[in-house]
Amino acid sequence: MENPHFAFFEGLIVPIEEAKISIMTHALHYGTAAFAGLRAYWEADDHQLYLFRPLDHFRRFRASAEMLYIDLPYTPEQLRDIAISLLQREGYHTDTYLRPLVYKSQPTIGVRLHDLTSDIAMFALPFGSYMEHEEGINVTVSSWRRVDDNAIPPRGKICGAYVNSALTKTEATLDGFDDALVLDQEGHVAEASAANFFMVRNGKVITPPVYANILEGITRNTCRTLLLNELCMDIEERPIDRTELFSADEAFLCGTAVQIAAITSVDHHRIGGGVMGPVVKELRRLFFRMVHGKLSHYRHWVEPVYSMEAIH
Ligand SMILES: Cc1ncc(COP(=O)(O)O)c(C=O)c1O
């Protein structure tokens, strides 16, 4: 993975080597931070980098910060502009991942959220696939349960909560799977370690509802829109039992990092024929065209990073 050259740090874009924090930083000890993750896609035909749904990501970033009693001093539009300046400074001509972070920066001891300073940082690096085989992944059902909304809100991207994701991902990987589906306290499917879950059964699309201790994924919302509007499919948002997974005709994970990954087995039970099915295939085709700015009616979701003067 290539390192970034710059970071937005303490209000300025600086060389990455200058973006350093103290080992006493509160967030490092207690997980009192929140993050976002965005992708920007390089489209060679347009000689353009398209940042995907930045305002939606930054709205959720602000909401996550609020859960930690942080009132961000930037609007989503200002954060988008900072992201674009950073990407321009890097000058990437390749697919890129952008990581905004807000953290309790005070060098102090004591578990709390109030009366602490906070800071924002952002960096971007070249990033390809997150999953090795997006066209067919093998998942397991984790022995870990998803953090509950009344423990640490999964609706926010709260850093401390990602120990839950890390436990599930590592267990799955060490057991030879690509990822894990995680059940909530009631035993219903919530989501994967860092992606939302959908399945197709008898011609209907089913996904866990927003109250199932999931992150309200922006890719989830994107997939819903494409499935409804372009594939004309019905979508049911309802609890999914563990064994209903085995009756799925198709299933997939979706998220900014994962993009759209077809699930071809769950705990060694083949999904569909054990290969990517037609719905996931078409959804992926539309998704990748859209993020590359090729679907005109979704152009409002992609933000060009380079100005026309810079291109020509
Ligand atoms: C726990 C979790 N669920 C779902 C997602 C997908 O969210 P999005 O599509 O907004 O990236 C992520 C992405 O980071 C995640 O960490």
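The values are calculated or read from the model by the stated rules, or taken from the named source; none is laboratory data. Please read all numbers here as calculations on a predicted model, not as lab measurements. All Cβ positions, glycine included, derive from the backbone under ideal geometry; neighbour counts span all protein chains shown. These accessible areas exclude ligands, DNA and RNA; they are computed on the full protein's heavy atoms, side chains included. Shrake-Rupley method; radii C 1.70, N 1.55, O 1.52, S 1.80 Å.
Table for the structure above
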{"read-out": "Search result, residues across region 13-37 that are hydrophobic (A, V, I, L, M, F, W, C) and farther than 30 Å from residue 112 by Cβ", "value": "13, 16"}
{"read-out": "Region 176-215, residues that are surrounded by 14 or more Cβ atoms within 10 Å (Cβ to Cβ) and of a type in the set (D, E, K, R)", "value": "178, 179, 184, 191, 201"}
{"read-out": "The lone exception for residue 124 - which of (1) over 30 Å from residue 15 (Cβ atoms); (2) open to solvent by less than 80 Å² (accessible area, probe 1.4 Å); (3) within 16 Å of the ligand (Cβ to nearest atom) it fails", "value": "(1)"}
{"read-out": "Qualifying positions in region 188-204 - within 16 Å of the ligand (Cβ to nearest atom) and not in a loop (DSSP other than H, G, I, E, B)", "value": "188, 189, 190, 191, 192, 196, 197, 198, 199"}
{"read-out": "Residue check for residue 40: closer than 16 Å to residue 121 by Cα, hydrophobic (A, V, I, L, M, F, W, C) and either crowded, with 21+ Cβ neighbours inside 10 Å or touching a Phe, Trp or Tyr at 6+ places or on another chain (Cβ under 9 Å) (or both)", "value": "no"}
{"read-out": "Test: residue in region 292-309 that is surrounded by fewer than 16 Cβ atoms within 10 Å (Cβ to Cβ), outside the structural domain of residue 206 (by TED's automatic domain parsing) and of a type in the set (A, V, I, L, M, F, W, C)", "value": "yes"}
{"read-out": "Hits in region 214-229 - residues which are near the ligand (Cβ under 7 Å from one of its atoms) and either acidic (Asp, Glu) or assigned to a helix (DSSP H, G or I) (or both)", "value": "218, 219, 220"}
{"read-out": "Any hit, region 231-250, residues being within 19 Å of the chain's Cα centre (by Cα), among the aliphatic types (A, V, I, L, M) and either at pLDDT 95 or above or farther than 22 Å from residue 129 by Cα (or both)", "value": "no"}
{"read-out": "Selected residue (criterion: farthest from the ligand (Cβ to nearest atom)) from residues of region 35-73 that are farther than 24 Å from residue 290 by Cβ and touching a Gly at 6+ places or on another chain (Cβ under 6 Å)", "value": "67"}
{"read-out": "Scope region 236-261; condition within 16 Å of the ligand (Cβ to nearest atom) and either in a helix (DSSP H, G or I) or closer than 27 Å to residue 301 by Cβ (or both); matching residues", "value": "237, 251, 252, 253, 254, 255, 256, 257, 258, 259, 260, 261"}
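Residue by residue, here is whether (1) free of Cβ contacts under 8 Å to residues at least 12 places away in the same chain; (2) surrounded by fewer than 15 Cβ atoms within 10 Å (Cβ to Cβ); (3) under 22 Å from the mean Cα position of the chain (by Cα) holds:
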{"residue": "70", "(1), (2), (3)": "no, no, yes"}
{"residue": "74", "(1), (2), (3)": "no, no, yes"}
{"residue": "83", "(1), (2), (3)": "no, no, yes"}
{"residue": "87", "(1), (2), (3)": "no, no, yes"}
{"residue": "92", "(1), (2), (3)": "no, no, yes"}
{"residue": "95", "(1), (2), (3)": "no, no, yes"}
{"residue": "101", "(1), (2), (3)": "no, no, yes"}
{"residue": "105", "(1), (2), (3)": "no, no, no"}
{"residue": "109", "(1), (2), (3)": "no, yes, no"}
